[in-house]
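Here is the structure we will look at.
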Amino acid sequence: MYSGSKTSLQGSQIFQGKGSQKNLVLELSENESIIESIKQGMAENKISRAEVKDMQGKIKEVTVNFMLGSKFKSKEMNEAKVNGASGHYELKTNSFFGNLHIVIEESGKLNAFTLVKAKAVESLKIMLSFIEIKE
C-alpha cells in the first residue's frame with residue numbers, strides 16, 4: 001500500500017471558453033520593417049498570438065538564414081520577390097518573439113529561408129490568423 005504524499009499537476013488545461021478564428025491582412029508601405037510591422041499590427045489589434053499564413057510582394061534590404069547541407073548560413077539580398085510565408089509570433093507585455101519562414105524565387109528555383117530582417121517594397125501584404133476569445 002502506498003502512503004506517499006499527494007501531488008497535483010499544474011500545467012496544461014483544456015480551454016472551455018469560446019473563440020473564433022480571425023484573419024488580419026497587413027499592407028505595408030515602402031520602407032516599413034517587416035517584423036516591426038507585424039509587432040505593431042498585433043499590438044494595435046490586441047493580438048497576443050498569431051500565425052503568419054502568407055506574404056505576397058517584394059522586400060528589400062533583406063537578411064535571411066538558411067541551412068546548406070549541415071552548415072548554417074546567412075545571406076543578404078538587395079531585393080527579392082516573396083512567393084509565400086509561414087510562421088508564428090507571440091506578443092507579451094515585455095517581449096515579442098517568433099519566426100518567419102519565407103519562400104523566394106532565385107534563378108527560377110524556389111528556396112526557403114528564415115527572415116532575419118527586411119523592409120517592404122510598396123504594397124507588400126502579410127496575412128495573419130489568430131483566435132479571438134469571446135467572453
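The values are calculated or read from the model by the stated rules, or taken from the named source; none is laboratory data. Keep in mind the model is a prediction, meaning the values are calculated, not measured. FYI the Cβ positions are ideal-geometry reconstructions off the backbone, even for glycines, and counts take in every protein chain you see.
I need the full set of residues from region 103-118 which are in contact with a helix residue (DSSP H, G or I) (Cβ under 8 Å, 6 or more places away or on another chain) and farther than 16 Å from Asp54 by Cα, in order please.
Result: Lys117, single match.
With respect to the numbered conditions (1) at pLDDT 95 or above; (2) part of a loop (DSSP other than H, G, I, E, B), which one is the sole condition not fulfilled by Thr63?
With respect to (1) at pLDDT 95 or above; (2) part of a loop (DSSP other than H, G, I, E, B), Thr63 is out only on (2).
Of the residues Lys81, Lys134, Lys46, Lys92, which is basic (Lys, Arg), closer than 19 Å to Gln21 by Cα, surrounded by fewer than 15 Cβ atoms within 10 Å (Cβ to Cβ) and in contact (Cβ under 8 Å) with a residue 24 or more places away in the chain? Before you say what the answer is, go through the steps one by one.
Working: Lys81 fails: closer than 19 Å to Gln21 by Cα; Lys46 fails: in contact (Cβ under 8 Å) with a residue 24 or more places away in the chain; Lys92 fails: closer than 19 Å to Gln21 by Cα.
Testing whether each residue is basic (Lys, Arg), closer than 19 Å to Gln21 by Cα, surrounded by fewer than 15 Cβ atoms within 10 Å (Cβ to Cβ) and in contact (Cβ under 8 Å) with a residue 24 or more places away in the chain leaves just Lys134.
Can you find even one residue in region 99-118 that is at pLDDT below 95, surrounded by fewer than 16 Cβ atoms within 10 Å (Cβ to Cβ) and either under 11 Å from the mean Cα position of the chain (by Cα) or of a type in the set (Lys, Arg) (or both)?
yes
Identify the residue in region 120-129 that is part of a strand (DSSP E or B) and surrounded by fewer than 21 Cβ atoms within 10 Å (Cβ to Cβ) and, among all such residues, is farthest from the chain's Cα centre (by Cα).
Within region 120-129, the first condition is being part of a strand (DSSP E or B), and the residues that meet it are 120, 124-129.
Subset that is surrounded by fewer than 21 Cβ atoms within 10 Å (Cβ to Cβ): 125, 127, 129.
On the way: Lys125: 13, Met127: 10, Ser129: 10 Å.
Per the stated criteria, the residue is Lys125.
In the set Lys73, Lys92, Lys53, Lys39, which member is of a type outside the set (S, T, N, Q), at negative phi and more than 16 Å from the chain's Cα centre (by Cα)?
None of the other options fit; the residue is Lys73.
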